[in-house]
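*Asks:* Please find one structure pasted underneath; my questions will follow.
The values are calculated or read from the model by the stated rules, or taken from the named source; none is laboratory data. Remember, it's a predicted structure, so these values are computed and weren't measured experimentally. Neighbour counts are summed over all protein chains in view; Cβ atoms, including those assigned to glycine, are modelled from backbone coordinates with ideal geometry. Ligands, DNA and RNA are stripped out before the accessible areas are found, and what is left, the full protein with its side chains, is counted by its heavy atoms. Shrake-Rupley method; radii C 1.70, N 1.55, O 1.52, S 1.80 Å.
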Amino acid sequence: MKLLPKDVYRELADALGEENISQEPAVLDGYAWQPAMNLTNQKWIPRPAAVILPATTEEVQTIVRICNQRQVKFKAHSTGWAAWGGPSQEGELQIDLRRMNRILELDEKNKFAVVEPYVCCGQLQSEAMKKGLTCHIIGAGPNTSALASATSAWGYGGTGLSTGYSGRNVLGVEWVLPDGEVLQLGSPGSHAGWFSGDGPGPGLRGIMRGFSGTQGSLGVFTKCAVKLFPWYGPPQPRVEGILLDVETDVPETEKMFFVVAPSFKKYADISYEIGNAEIAYWFCRSPLNAGVDLFMPRAGDRLFESKPLRALLKAFQHLGVALLSSPSKREVEYQEKVLRKITVEHGCILLDLSKAPGYGFWWWLMGVRSIPTALTFRAGGDFLTSYGSPVEYDNAIRQAEVAQECKQKYIDQGYFKDDMSDIGWGGIYEGTANWGHCETAAMFDRRDGQAEGRFKYLEDSARTTIEHTLGLGLSNLPPGAWKVYGPQLHNYHLWEARIKKAFDPNSVGDEQWYVPSIDEIEPKESSSDEQ
Ligand SMILES: Cc1cc2nc3c(=O)[nH]c(=O)nc-3n(C[C@H](O)[C@H](O)[C@H](O)COP(=O)(O)OP(=O)(O)OC[C@H]3O[C@@H](n4cnc5c(N)ncnc54)[C@H](O)[C@@H]3O)c2cc1C
């Protein structure tokens, strides 16, 4: 086990206080336990050499400067839910931002909030609801950091139709660069408040995060502003029980439906129609077999063994969940009328969930808190995800179709649990914008030691993505995927590698989930650059 050199540890402890740094083996093991997206056969990710807990931007700067002087690599995380939040090799410093946990501003009039890294979406949403507002919650759920997905990592969520994508919702940002300097992006850069992410200060959103984020490879984000959206429910909903035992009351201005389409194509068609009609708060594809596997994994195993029951579930393959939400009962009735018209015209089935038992549970769990996708651990113990690029919606749905075929081969070989293959999850985003995403998760038991087979699946999903021109999606997740995708997509990885070199000249930010410096990828090019 590699620890920090004693003098480096001492310097950090003197700067932040003995109580805010640790190299206790049991504490460090807690950080190395990251089964999600640990795509290897190893049980643990590399153990950090120490963990440090800053409370202010200045403390983050101090840490980063010491790392530069002492050539220590670091990785910051917010709530730290998956392997990409931890070190990729021994000897690195884990920066845990849990002490930076304040909502600094909630601007009701201009609909945005300024948050620190450890503010989770559930916390922000609860405070926003009191002011008639809500926030975008990614599919990973309300326990995740609002800042992490805005600045550093993807941003898909079930309410994308009305609350967008995290990369588009981020406004002003405070960023400790990998050399320790602070950069403020957008309006805070001109001391003009936090309302804008691009100008009048420098607009570097593309460099900061682009589509997928740099996963902690380019410094540490210490504050950011995120957009808020109207909330028509009660300011403090009555909620009893937790998670799958929740009970609550659904306001009469909200209504939920299952919409079942007869084919992939029809599903895409109705999604466009719903977006263009400017109805619904949430419309997201969730095949019924996926729901069974997530909510009742053991029952699912039995059901999937039975041919007639498989056929029955297959009939509900193209299922989407629609939540209508509006300021008045009259408006929600209008939205329902439009939804009924669209579904009838396209030969779909509409199931009114307000008549179903546990209606409040579904509304709260799915429509408000976005909890279900995080249940993907239940079926096999672990999961990975693939395809899911942000594109026009019929292309997104095409990805589910291609994924279904590709994944089935790996289910047949025993690399993934049988879940009937198509569990393509994702919706249409930003109303009339007509773009969307549909990703395909695959569940497995990581104790089986078959990581190589799953890597092959990811490679195959990358290959079919390119063959069918499906766009850059989540199949580019695994470290090093830029080697496959980069040459196919205008060598984007070389631009990222140049950014890495310019922003992080000492390569102290762990780059495993991004790209290495251009010096490592193309040594010749960088030496000719310098001449
Ligand atoms: C079960 C599950 C479901 C998921 N579903 C979705 C989904 O539907 N949509 C989606 O977009 N994502 C999804 N993800 C991905 C994941 O949600 C994102 O990584 C998300 O941002 C996690 O939030 P977090 O607070 O745990 O972030 P962390 O794990 O803390 O961080 C995520 C990444 O950002 C970096 N980072 C975090 N904070 C900072 C900071 N302040 N400065 C610099 N770097 C930082 C970390 O190093 C890490 O690489 C899912 C993940 C899991 C495990």
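*Asks:* What are the residue pairs meeting all of these: first residue in region 54-78, first residue among the hydroxyl-bearing types (S, T, Y), second residue in a helix (DSSP H, G or I) and more than 13 Å from the ligand (Cβ to nearest atom), Cβ atoms under 8 Å, and 6 or more apart or on different chains?
*Replies:* Listed by first residue and then by second, the contacts come to T62/A15; T62/L16.
*Asks:* It is to be established whether one or more residues within region 255-265 are of a type in the set (S, T, Y), in a helix (DSSP H, G or I) and in the same structural domain as H346 (by TED's automatic domain parsing).
*Replies:* For region 255-265, residues of a type in the set (S, T, Y), in a helix (DSSP H, G or I) and in the same structural domain as H346 (by TED's automatic domain parsing): absent.
*Asks:* On to the next question. Can you find a residue that is free of Cβ contacts under 8 Å to residues at least 40 places away in the same chain and within 30 Å of L294 (Cβ to Cβ) anywhere in region 193-202?
*Replies:* Here is the first cut: in region 193-202, the ones free of Cβ contacts under 8 Å to residues at least 40 places away in the same chain are 193, 196-202.
Now restrict to residues that are within 30 Å of L294 (Cβ to Cβ): none.
No, because not a single residue in region 193-202 is free of Cβ contacts under 8 Å to residues at least 40 places away in the same chain and within 30 Å of L294 (Cβ to Cβ).
*Asks:* For the structure I just gave you, tell me whether E430 is within 16 Å of the ligand (Cβ to nearest atom), touching a Leu at 6+ places or on another chain (Cβ under 9 Å), within 18 Å of D293 (Cβ to Cβ) and among the charged types (D, E, K, R).
*Replies:* Details: within 16 Å of the ligand (Cβ to nearest atom): yes; touching a Leu at 6+ places or on another chain (Cβ under 9 Å): yes; within 18 Å of D293 (Cβ to Cβ): no; among the charged types (D, E, K, R): yes.
No.
*Asks:* Here is a follow-up. For residues in region 313-332 being without any contact (Cβ under 8 Å) to a residue 60 or more places away in the chain and surrounded by 14 or more Cβ atoms within 10 Å (Cβ to Cβ), which is nearest to D301 (Cα to Cα)?
*Replies:* Looking at residues that are without any contact (Cβ under 8 Å) to a residue 60 or more places away in the chain and surrounded by 14 or more Cβ atoms within 10 Å (Cβ to Cβ), I get F316.
*Asks:* Considering region 62-108 alone, what residues qualify as being farther than 18 Å from A50 by Cβ and either touching a His at 6+ places or on another chain (Cβ under 6 Å) or near the ligand (Cβ under 10 Å from one of its atoms) (or both)?
*Replies:* S78, T79, W81, A82, A83, W84, M100
*Asks:* To continue, here is another question. If L177 passes every condition in (1) open to solvent by 10 Å² or more (accessible area, probe 1.4 Å); (2) within 12 Å of the ligand (Cβ to nearest atom); (3) farther than 19 Å from A502 by Cβ; (4) not basic (K, R) but one, which one does it miss?
*Replies:* It is condition (3) that L177 fails.
*Asks:* Next question, about the same structure. Go through (1) of a type outside the set (S, T, Y); (2) within 16 Å of the ligand (Cβ to nearest atom); (3) more than 24 Å from E108 (Cβ to Cβ) for G203 and report which single condition fails.
*Replies:* (2)
*Asks:* How about region 109-149: which of its residues are within 6 Å of the ligand (Cβ to nearest atom) and either open to solvent by 20 Å² or more (accessible area, probe 1.4 Å) or assigned to a strand (DSSP E or B) (or both)?
*Replies:* I138, A140, S145, A148
*Asks:* If I go through region 276-288 residue by residue, how many of them are crowded, with 23+ Cβ neighbours inside 10 Å and either touching a helix residue (DSSP H, G or I) at 6+ places or on another chain (Cβ under 7 Å) or of a type in the set (S, T, N, Q) (or both)? Steps first, please.
*Replies:* Kept after step one, since they are crowded, with 23+ Cβ neighbours inside 10 Å, are these residues of region 276-288: 279-285, 287.
Pick out the ones that are also either touching a helix residue (DSSP H, G or I) at 6+ places or on another chain (Cβ under 7 Å) or of a type in the set (S, T, N, Q) (or both) and you get 279-283, 285.
Looking only at that region, the number is 6.
*Asks:* Determine which single condition S166 fails, assuming it passes every other condition in (1) closer than 27 Å to I66 by Cα; (2) within 14 Å of the ligand (Cβ to nearest atom).
*Replies:* Result: S166 passes all but (1).
*Asks:* Another one. Kindly indicate the residue of region 150-163 that is open to solvent by less than 10 Å² (accessible area, probe 1.4 Å) and within 12 Å of the ligand (Cβ to nearest atom) and also nearest to C284 (Cα to Cα) among those meeting that condition.
*Replies:* Selected residue: G158.
*Asks:* Go through (1) open to solvent by 40 Å² or more (accessible area, probe 1.4 Å); (2) more than 23 Å from E116 (Cα to Cα); (3) part of a helix (DSSP H, G or I) and name the single condition T40 misses.
*Replies:* (3)
*Asks:* Kindly establish whether T214 is open to solvent by less than 10 Å² (accessible area, probe 1.4 Å) and under 27 Å from K73 (Cβ atoms). Talk me through it step by step, then tell me what you get.
*Replies:* Values: open to solvent by less than 10 Å² (accessible area, probe 1.4 Å): yes; under 27 Å from K73 (Cβ atoms): yes.
Yes; evaluated as a whole, the condition is true for this residue.
To keep it simple, each residue is scored yes or no on (1) in contact with an Asp or Glu (Cβ under 7 Å, 6 or more places away or on another chain); (2) more than 22 Å from A451 (Cβ to Cβ); (3) without any contact (Cβ under 8 Å) to a residue 40 or more places away in the chain.
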| residue | (1), (2), (3) |
| --- | --- |
| I371 | no, yes, no |
| T376 | no, no, no |
| G380 | yes, no, no |
| N395 | no, yes, no |
| Q404 | yes, yes, yes |
| Q413 | no, no, no |
| F416 | no, no, no |
| G426 | yes, yes, no |
| A433 | no, yes, no |
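*Asks:* Could you pull out the residue among G216, G210, G275 that is of a type outside the set (D, E), within 16 Å of the ligand (Cβ to nearest atom) and at pLDDT 95 or above?
*Replies:* G216 is the lone residue from the list that is of a type outside the set (D, E), within 16 Å of the ligand (Cβ to nearest atom) and at pLDDT 95 or above.
*Asks:* Among residues belonging to region 294-312 that are among the small types (G, A, S) and surrounded by fewer than 15 Cβ atoms within 10 Å (Cβ to Cβ), point out the one that is modelled with the lowest pLDDT.
*Replies:* For region 294-312, the residue satisfying everything is A299.
*Asks:* Inspect region 227-234 for any residue being within 16 Å of the ligand (Cβ to nearest atom) and either open to solvent by 30 Å² or more (accessible area, probe 1.4 Å) or modelled with pLDDT under 95 (or both) and give the result as yes or no.
*Replies:* Yes - at least one qualifying residue is present in region 227-234.
*Asks:* Going by the structure shown, is G291 open to solvent by less than 40 Å² (accessible area, probe 1.4 Å), in contact with a strand residue (DSSP E or B) (Cβ under 7 Å, 6 or more places away or on another chain) and part of a helix (DSSP H, G or I)?
*Replies:* It is false that G291 is open to solvent by less than 40 Å² (accessible area, probe 1.4 Å), in contact with a strand residue (DSSP E or B) (Cβ under 7 Å, 6 or more places away or on another chain) and part of a helix (DSSP H, G or I).
*Asks:* Additional query: It is to be established whether one or more residues within region 204-214 are closer than 30 Å to I95 by Cα, of a type outside the set (V, I, T) and without any contact (Cβ under 8 Å) to a residue 24 or more places away in the chain.
*Replies:* Yes: one or more hits.
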